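The values are calculated or read from the model by the stated rules, or taken from the named source; none is laboratory data. Predicted model, so just to flag it, every value in this text is computed and none were measured. A quick note on method: Cβ atoms are made from the backbone with ideal geometry, for glycine too, and the neighbour counts reach across all protein chains shown. To get the accessible areas, we keep the full protein, side chains included, count just its heavy atoms, and leave off ligands, DNA and RNA. Shrake-Rupley method; radii C 1.70, N 1.55, O 1.52, S 1.80 Å.
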Amino acid sequence: MLVIALVAPILAVVKPEMAVVSGAVSGAWIFLGRTALYRLEQRKVEQAAAVQEIFDQLVYGMPSSGDRTSLPSLEEIALLAGPDDGIRKAAEDEKLIDWYPINASQAGALTVAICQRANVSYADRLLKTTATVWVVGMAAWVVILSAAGICFKLDSSQLLLGIALPLLPAFLDVWEYWRSLRRAARDRRDLVTTIEERIDGDSGGLDPQDMLVWQGRLFDLRRNTPQVPNAIYWLSRKKNELAMKSAADQLARRNKGDL
């Protein structure tokens, strides 16, 4: 949809006869994106969420909450992960070693709760950044196209068929994407607040059952989260990880009475 939003208006202005074709392609992509492609994407997301839940349970020493129907087979996981002797190198290349802010000197329950909060908070910041980038980018592109239309003195039919028609489906798609990002970020912020209150003892302290509930909530959030472009993920990763680990350190020290 990003490619259509960028290319279609330019193509329609340079070759007016392509205006209707651009609009048709944009509409067809909306249809495919909301039907077959959406289902395919959702299936992969649910499988990834199930695998990540198992990983978290192993890291936290947490009992399983039951098999997920979306969990891929062992063969599928092996094909994606690659040879066993290359898994650690892949993790190092992706900078995933010691990603969770685990403090071995802390009590196990506190460590798990802080890691769960860190995971949710990190995703909250990433989703908000993605939402901002898309909205600002879309608004800037609309301004650029409007200025170009005025500069080249395009008539009303060229503005309507060449710019508005191909851009409207893309705008709708970005708007829905932005809403889903904001909603996902808001849901995570609510969970962050709940975990933090438990860590600080404002709601009766930590209970192992709470962490099982939070892990189940994490699975639901992960499988319903809009996808984030890799470029935004990598550009914001260092800053988000610094913020995540700083917050985790503050919570750990505060829980010990050092703050």
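Brief remarks on what is shown
- Note on the chain: Rg/Rh from Cα positions, Kirkwood definition for Rh, rounded to two decimals, is 1.07.
- The residues packed around residue 54, meaning those with a beta-carbon under 14 Å from its beta-carbon, carry a net charge of -2 if Lys and Arg are +1 and Asp and Glu are -1.
- Surrounding net charge for residue 236, when Lys and Arg each add one and Asp and Glu each subtract one, Cβ distance under 11 Å: +4
- Other residues whose C-beta falls under 12 angstrom from the C-beta of residue 99 contribute a net charge of -2, scoring Lys and Arg +1 and Asp and Glu -1.
- Span from the the stretch 123-190 Cα centroid across to the the stretch 1-25 one, whole angstrom: 16 Å
- Heavy atoms of the protein chains alone define the surface here; on that basis the stretch 1-256 has 59 Å² accessible area per residue at 1.4 Å probe size.
- For the chain, the longest site-free run once trypsin sites (Lys or Arg not before Pro) in DSSP loop states with at most 13 other Cβ atoms within 10 Å are removed: 154-255
- Estimated 222 nm signal from helices in the chain, with DSSP H stretches of n ≥ 4 weighted -39500 (n - 2.57), rounded to 500: -25500 deg cm²/dmol
- Here is the list for the stretch 133-218: chymotrypsin sites (Phe, Trp or Tyr not before Pro) lying in DSSP coil, each with at most 16 other C-beta atoms within 10 angstrom of its C-beta, are 152.
- Percent accessible area from carbon and sulfur atoms, the stretch 1-256, protein chains only, probe 1.4 Å: 63 percent
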